[in-house]
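Following: one structure in structure tokens, then a few remarks.
The values are calculated or read from the model by the stated rules, or taken from the named source; none is laboratory data. What you are looking at is a predicted structure, and each value in this text was computed from that prediction instead of being measured. So basically every Cβ, Gly included, is an ideal-geometry build from the backbone, and we count neighbours across all protein chains shown. Surface accessibility is based on the protein's heavy atoms, side chains included, excluding ligands, DNA and RNA. Shrake-Rupley method; radii C 1.70, N 1.55, O 1.52, S 1.80 Å.
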Amino acid sequence: MRTAEITRNTAETQISLSLNIDGGGTAVVDTGCGFLDHMLTLFARHGRFDLSLRCIGDTAVDDHHTTEDVGIALGQAFAAALGEKRGIERYGSFLLPMDEALVRCAVDISGRSCLVYRLDIPAQKVGSFDTELAEEFFLGFVRHAAVTMHLHQLEGKNSHHILEAAFKAAARALAAACRIDPDYADQIPSTKGVL
């Protein structure tokens, strides 16, 4: 089982997180930010990742530090759980419709951090959540998971739908990239021999 436990304590957030990449999609999430909890719960379900996450953050200020630091911790957990990445498919992509929204995510578990973020979210807030923070979450994630991720919105007018499609597409693409290829289970999927 590819698992990791992360504890991250700063002056702004205290995070405890456990991840099982080979789980069944069970999530117990409490970040103090309801919309982020919703996104992470569906991320775990659609990626079939088991995720337990608690964050105590300075949400009295806003949700910025909580959202960014949760992305960082989740990225660290993926990196730790994947280890040397032996046998993984490495690449994954998914095109996800969510009502009128359509979002494509493509990932490469490359050891190189890059985010291409092409979401055009019309509302500044969904509930109390600042929609611009979604990019901060994904930036924190890719930088610490050491993955390349392209998120492209092809259609969409409803901000909730666009963000939900993005998190679900990212989960599905990551699940595909993390999957073990049984024909090459002992190999590193790179001509370099390391990822």
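Tabulated data
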quantity	calculated
Filter result for the condition that a residue is open to solvent by 30 Å² or more (accessible area, probe 1.4 Å) and part of a strand (DSSP E or B), over Leu96, Leu102	Leu102
In the range 2-30, residue nearest to Glu68 (Cα to Cα) [restricted to those that are surrounded by 15 or more Cβ atoms within 10 Å (Cβ to Cβ) and small (Gly, Ala, Ser)]	Ser16
Tabulated pairs, the range 94-119, first on the phi > 0 side of the Ramachandran plot, second not in a strand (DSSP E or B), C-beta under 7 angstrom, 6+ apart or interchain	Asp99/Asn158; Asp99/His161; Gly111/Ala146; Gly111/Leu195
Out of Ala73, Ala134, sole residue that is open to solvent by less than 30 Å² (accessible area, probe 1.4 Å), part of a helix (DSSP H, G or I) and touching a Lys or Arg at 6+ places or on another chain (Cβ under 7 Å)	Ala73
Some residue of the range 31-41 being in a loop (DSSP other than H, G, I, E, B), open to solvent by less than 20 Å² (accessible area, probe 1.4 Å) and either touching a strand residue (DSSP E or B) at 6+ places or on another chain (Cβ under 7 Å) or not aromatic (Phe, Trp, Tyr) (or both)	yes
Residue match in the range 62-69 (condition: open to solvent by 20 Å² or more (accessible area, probe 1.4 Å) and modelled with pLDDT under 95)	yes
Number of positions in the range 139-156 that are under 13 Å from Ala77 (Cβ atoms) and not in a helix (DSSP H, G or I)	2
Cβ pairs under 7 Å, 6+ apart, first in the range 160-189 and open to solvent by less than 40 Å² (accessible area, probe 1.4 Å), second of a type in the set (S, T, N, Q) and modelled with pLDDT of 95 or more	Ile162/Gln153; Leu163/Thr131; Ala173/Ser93
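Residue-wise test of (1) touching a helix residue (DSSP H, G or I) at 6+ places or on another chain (Cβ under 8 Å); (2) within 26 Å of Thr66 (Cα to Cα); (3) basic (Lys, Arg).
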{"residue": "Phe94", "(1), (2), (3)": "yes, no, no"}
{"residue": "Ala123", "(1), (2), (3)": "yes, yes, no"}
{"residue": "Ala146", "(1), (2), (3)": "yes, yes, no"}
{"residue": "Asp183", "(1), (2), (3)": "no, no, no"}
{"residue": "Leu195", "(1), (2), (3)": "no, no, no"}
